[in-house]
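The values are calculated or read from the model by the stated rules, or taken from the named source; none is laboratory data. Everything numeric in this text was worked out from a predicted model, so none of it was measured. Positions of Cβ are backbone-derived with ideal geometry, glycine not excepted, and every protein chain shown enters the neighbour counts.
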Amino acid sequence: MNKLPAQLNLPEGMADALIDAAQALAADKAVRVSRRGGRGDTLKPGPQTPLWNSLVAQARPHLKAHGESANLARLLGLHRQAIYSYFTAGSRMPDAERTLQLLAWLASKRRGHPSS
C-alpha cells in the first residue's frame, strides 16, 4: 500500500464525518440532485449541494463566538466578506482546497482545539 503525502492525511474523524453525511443524504429520498447546466459547470449553493449545506450547518455554531469568522477568514486566506457569503448569505462556496481546510478546521473545533 502506498503511503499518502502528509498533506493528504485527513484529520481524525474527517473522513468519517464525510461518509456519515453522504450516507444520511443518500438515505433521504427527498434530496434530488439537479443536472441543470452543462457538465463541468460551477455549482452554486442550493438544493443541488446537499453536502455543502450539511457542512455549513455544522460550521455555523462554531462561528457565533466573537471573532471566529475573522479567525476562519485569516486561516483560509480570505476576506471576512467571503466567510459571510459562504455561511450567512449562502451565495458562494469555496474552492476544493479551502473546503478541505474548512473540514480540518471543523474537525479541530469538534475536538475542542482553539482557532489557529
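Any idea how many residues of the range 90-116 are modelled with pLDDT under 85 and under 13 Å from Arg60 (Cα atoms)?
Of the residues in that region, 0 qualify.
For Ser69, indicate whether it is without any contact (Cβ under 8 Å) to a residue 12 or more places away in the chain, hydroxyl-bearing (Ser, Thr, Tyr) and either closer than 16 Å to Leu103 by Cβ or surrounded by 13 or more Cβ atoms within 10 Å (Cβ to Cβ) (or both). Please lay out each step first, then the result.
Details: without any contact (Cβ under 8 Å) to a residue 12 or more places away in the chain: no; hydroxyl-bearing (Ser, Thr, Tyr): yes; either closer than 16 Å to Leu103 by Cβ or surrounded by 13 or more Cβ atoms within 10 Å (Cβ to Cβ) (or both): yes.
Taking the combined requirement at face value, the residue does not satisfy it.
For the range 76-96, give me each residue that is aliphatic (A, V, I, L, M) and either surrounded by fewer than 17 Cβ atoms within 10 Å (Cβ to Cβ) or touching a Gly at 6+ places or on another chain (Cβ under 7 Å) (or both). Step through it out loud before you land on a result.
Restricting attention to the range 76-96, the residues satisfying the condition of being aliphatic (A, V, I, L, M) are 76, 78, 82-83, 89, 93, 96.
Once the filter is applied, which keeps residues that are aliphatic (A, V, I, L, M) and either surrounded by fewer than 17 Cβ atoms within 10 Å (Cβ to Cβ) or touching a Gly at 6+ places or on another chain (Cβ under 7 Å) (or both), the range 76-96 yields Leu78, Ala89, Ala96.
Checking Ser108 against (1) loosely packed, with under 15 Cβ neighbours inside 10 Å; (2) under 20 Å from Asp20 (Cα atoms); (3) not acidic (Asp, Glu), which single condition isn't satisfied?
(1)
Ser54 versus (1) over 17 Å from Asp20 (Cβ atoms); (2) among the hydroxyl-bearing types (Ser, Thr, Tyr); (3) surrounded by 13 or more Cβ atoms within 10 Å (Cβ to Cβ): which is the lone unmet condition?
The one condition Ser54 does not meet is (1).
Which ones in the range 68-90 are at positive phi and under 14 Å from the mean Cα position of the chain (by Cα)? Working first, answer last.
Within the range 68-90, the first condition is being at positive phi, and the residues that meet it are 77, 90.
Listed by number, the list holds a single entry, Gly90.
Hey, could you check the range 58-116 for residues that are assigned to a loop (DSSP other than H, G, I, E, B) and among the small types (Gly, Ala, Ser) and say which is nearest to Leu43 (Cα to Cα)?
Restricting attention to the range 58-116, the residues satisfying the condition of being assigned to a loop (DSSP other than H, G, I, E, B) are 64-67, 77-79, 90-95, 111-116.
Those still in the list that are among the small types (Gly, Ala, Ser) too: 65, 67, 77, 90-91, 112, 115-116.
Values: Ala65: 29, Gly67: 29, Gly77: 22, Gly90: 12, Ser91: 11, Gly112: 32, Ser115: 29, Ser116: 29 Å.
Taking the candidates together, the pick is Ser91.
Considering only residues that are basic (Lys, Arg) and within 25 Å of Gly112 (Cβ to Cβ), which ones fall in the range 60-99?
Applying the first criterion (basic (Lys, Arg)) to the range 60-99 yields 60, 64, 74, 80, 92, 98.
Residues satisfying the conditions are Arg60, Lys64, Arg74, Arg80, Arg98.
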